[in-house]
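Pasting a structure below so you can have a look.
The values are calculated or read from the model by the stated rules, or taken from the named source; none is laboratory data. What you see is a predicted model, and the numbers here were worked out from it, not measured in a lab. Here the Cβ positions follow ideal geometry from the backbone for every residue, glycine too, while neighbour counts run over all protein chains shown. SASA here: full protein model, heavy atoms, side chains in, ligands and nucleic acids out. Shrake-Rupley method; radii C 1.70, N 1.55, O 1.52, S 1.80 Å.
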Amino acid sequence: MNLKYLWPARRRAEERDMREELDALAAIAGRQELGNLTLAMENARATWGWVWLESIAADVRYALRALRSQPGFVAVAVLSLALAIGANSAIFSFADALLLRPLPVPDAAGVFDISSTTPDDPFEGISYPDYRDLREKSRSFTGLLAYRLTTLAAATDPASPAQVRFAALVSDNYFPALEVTPALGRGFLPEESDARGGGAAVLSYEFWREYWGDRPATGSTLRLNGIVFTVVGVAPREFTGLDQFVRPSLYVPLAMAQRLAGAAANPLEDRGQHNLVVKGRLRSGVTRERAQAELAAIGAALEREYPKTNHNRHVAVRTELDRRVEQRPQHLALIKMLMGLVGLILIIACSNAANLLLARARARSREIAIRLSIGAGRLRLVRQLMTESLLVALGGGAVGLVFAYGGILLLQTLSVPSDPPTVLGVELDWRVVAFGALAALASCVIFGLAPAWQTVRMDFVPALKDGARGTGGGRHTLGRDALVAAQIALAMVVLIAAGMFLAGFRKMVAAAPDFRIDHVISMDTAPALLHYTPQQTMAFYRQLVDRVRGMPGVADVAMTEALPLAPAQTFMTVVPEGYEFPKGHEKAIEFGAAADAGYLRVMRVEILRGRAFTEDDRAGTRRVAVVNEQFAKTYWPQQDAIGKRVRIEGEDGPSEVVGVAKTGHYLFVNEPPAPYVWVPYAQHSRARMTLIVESAGAPSEMAAPLRDVVRSIDANVPVFNLRPVATLYESRATGTWLQLLQMVGTMGLIALALATTGLYGLVAYTVSRRVKELGIRVALGAGRGDVVWLVERRGLLLAGAGIAGGGALTAVAIPMLAAGFHGVESAPATVYVLAPLALLVVCAVASYVPARRAARLDALEALREE
């Protein structure tokens, strides 16, 4: 049987004809005969399937033999694709960790984020009373759960000092609603949410293995903020919580929030505290639009019933991806830039492989012509050639995953300096492997289909007569030239983009810090975790500052709620005096922190107008504030900010602005100028503060004495984030961006190497096909320099065409790659000069190597060449 008749369309037609015959026979032969005929049809179908598999296996065996005979071609093609697929897979793992990875729960696509939105804050949380009403009245979800991330002082041994750990305060249906079954023990029972007795706790898998090893943890006790909890379960290994970067060590009932915080009033009963994250799993058959309409109606009813706390507040239902993209647009901008660059690199690699296949097809013209002449169908040959391309692509994908693993190891060094640590979660998991396989299959189609189809369209009679010269050389040469020019054009886009981002990153890294980083060390403490009252907390910090100030080697001491560039920034809801908000808006949420009188002095934050805080700015005196210049420009652009007042939500009265400080960077070094407001700690108590110590010597030498001072006051108060401020700055402002700089620079080098390889391969192949012509030229008196220039000119013409096309592409691609990425607006003029110049030089060198080889040809041997 000719295998060309096994094509799926043909098989379907034959099956249809057989069914018609069976239907006709059924009326005559009866059910028994029909059963026999049906069995015969099934046997025939099984036979066809077996023959089809045999045909595929034969294609694979033939492809392996063909590729084995040309190891050079295979090595270059596989390596080119591997570099591109590896880069794409590594960046995908980064994008997956930042935005794309689904929640670690069964059927994650069915879990949606429920948030409370206002014109002033589209991502505000939900209060517990509102959550309770939504949970009771909604019918679109199988379950609505609520949680809030916090830090707790955890001690597994009463004799050991407590350690600060991330914990999730969760509703009692947290695990059932997520369809997560604990690996050991169980989840929470409704009666275990009673805050009057000891609480129940579920451990994360990592926390259990860290402290209990293989021993069972259920039934054990531990102290959280001084309260005894009983371990009732251990979460499964794969469940790491619902936050991308924070992995809770513990899960405890929300009802314990009041006792854990040592608060006089129960925060869960305050409808004005919108601090819970709510998620829900949709019922089968219910759409998101229907759920949105239902929750919107419930939210509108709550707004009418509780106008004071729910005014202008609406309920939004979002997918997890939508929430991440809208909350962190800077992550999306970074991912778009990186994925855009590696996408261009993959196209360059595919062009390289396609060019190699076109050159290889010309050399195989006699073989293809013979197969066509003996009856092989063109589609059959396309399938054979695509099988070879698929094997090359899979080889590139396999080697590419090795490269991807190296890139992932580099990305894993990216970290956010915090204690307890946050996790970026870049890893080589099945999703990255699947992406690499998909990239390999896509590249197979991109680089393999067109050359395969062009190969089988040859006229086999001339090919049988003339061998490799009978394949339509002009058409093939033009196609290869176009591919090489396209490679050079895309490489130019990548180089200019890399130069643009390198210049932007270098500017960020080289910029002087906005605050002091030398000879200062910071330390966080949280006495409120041990149920200190606000008065006891302030007394603790006063005593701590007095004792540290008297230590040898200490030059100055200060306190702040949040250090610049620290990952845990704080915000304030403010209403500036005299500012007219847009319609529907009533307040603004800006960076802000409480600080003592010495903070601006110790951190050398420049005061442009007015004054900093003094010791006279204490409780009971006129409330004051210091704002940065961007705050003043935003809310009082035509007026002097000194003397203006700003009302801070949660405070009894407004605060008068007494100083304007220089605008700095507060979360990222590439953020646009952002408003900031400071208030005196003595007038605004906080449960957790950061101590800043200016040292006369090396700041790291102060670490142990600072711990001792805290223990001398209260040995149970946890100490964390104890580090030199320079370490924080180097990690947040230079370390991360230097690694990104390395990645972008590597992408530029890969693009340049691939484009150079493509040009070299084309010129070398052209020389090999023109040996006889070049021999004739030499025999007629052409000098070596003439031959070199003849070959070199071709490479330079292709480079010029590619550079011209790259210039046009750059005008379109660069703004798209840089969109939304603050600090990287356009490439310097030097980049637009150096990138094409570098391409031209490299292309000239790549062409010179085969040109020099051509110039050394022996005329007599060249004339004998067929």
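Between Arg645 and residues 5 or more places away or on another chain, which pairs have amide H atoms under 5 Å apart, with H built 1.01 Å from N, and which residues are they?
When sequence neighbours closer than 5 places are left aside, the close amide H contacts are Glu577, Val657.
Moving to a separate point now. Can you list the residues, at least 5 places off or on another chain, whose amide H is less than 5 Å from the amide H of Gly143, using H built in the peptide plane?
The list, which skips near neighbours in sequence, is Arg281.
Next question, about the same structure. How much of the DSSP bridge set in the range 520-731 is antiparallel, in percent, rounded to the nearest 5?
Here the share of antiparallel DSSP bridges comes out near 75 percent.
Next up: Can you work out the Karplus-derived ³J(HN,Hα) for every residue in the range 420-437? Use 6.51 cos²θ - 1.76 cosθ + 1.60 with θ = phi - 60°, whole Hz, and x for glycine or proline.
Those phi angles translate into x, x, 9, 10, 7, x, 6, 8, 8, 10, 5, 5, 5, 4, 4, 5, x, 5 Hz.
Right, next: Less than 19 Å from a label point 7 Å out along the Cα-to-Cβ axis of Tyr405: which backbone N atoms in the range 93-117 qualify, by residue?
93-94
Measuring with a 1.4 Å probe in the full set of protein chains, what accessible area per residue, in whole Å², belongs to the range 579-683?
On a per-residue basis, 47 Å².
What is the Cα centroid distance between the range 561-579 and the range 715-768, reported in whole angstrom?
Cα centres, the range 561-579 to the range 715-768: 32 Å.
Can you give me the C-alpha center-to-center distance between the range 54-70 and the range 672-696, rounded to a whole angstrom?
70 Å
Rounded to the nearest percent, how much of the accessible area of the range 560-695 (1.4 Å probe, protein heavy atoms only) is carbon and sulfur?
Reported share for carbon and sulfur atoms: 47 percent.
Classify the range 120-311 as rounded, prolate or oblate from the Cα gyration tensor: take a ≥ b ≥ c as the square roots of its eigenvalues, call it rounded if a/c is under 1.5, otherwise prolate when a/b beats b/c and oblate if not.
Because a/c hits 1.5 or more and a/b exceeds b/c, the range 120-311 counts as prolate.
Calculate, for the range 120-311, the solvent-accessible area per residue in square angstrom, rolling a 1.4 angstrom probe over the heavy atoms of the protein chains.
44 Å²
How large is ³J(HN,Hα) for each residue in the range 524-533, as worked out from phi by the Karplus curve 6.51 cos²θ - 1.76 cosθ + 1.60 (θ = phi - 60°), to whole Hz, x for Gly and Pro?
Taking θ as phi minus 60°, the curve returns 9, 9, 9, x, 5, 5, 9, 6, 5, 6 Hz for the range 524-533.
For the range 706-715, what does the Karplus curve 6.51 cos²θ - 1.76 cosθ + 1.60, with θ = phi - 60°, yield as ³J(HN,Hα) per residue in whole Hz, taken in order and with x for Gly and Pro?
Couplings: 5, 4, 5, 5, 5, 5, 5, 7, 7, 5 Hz.
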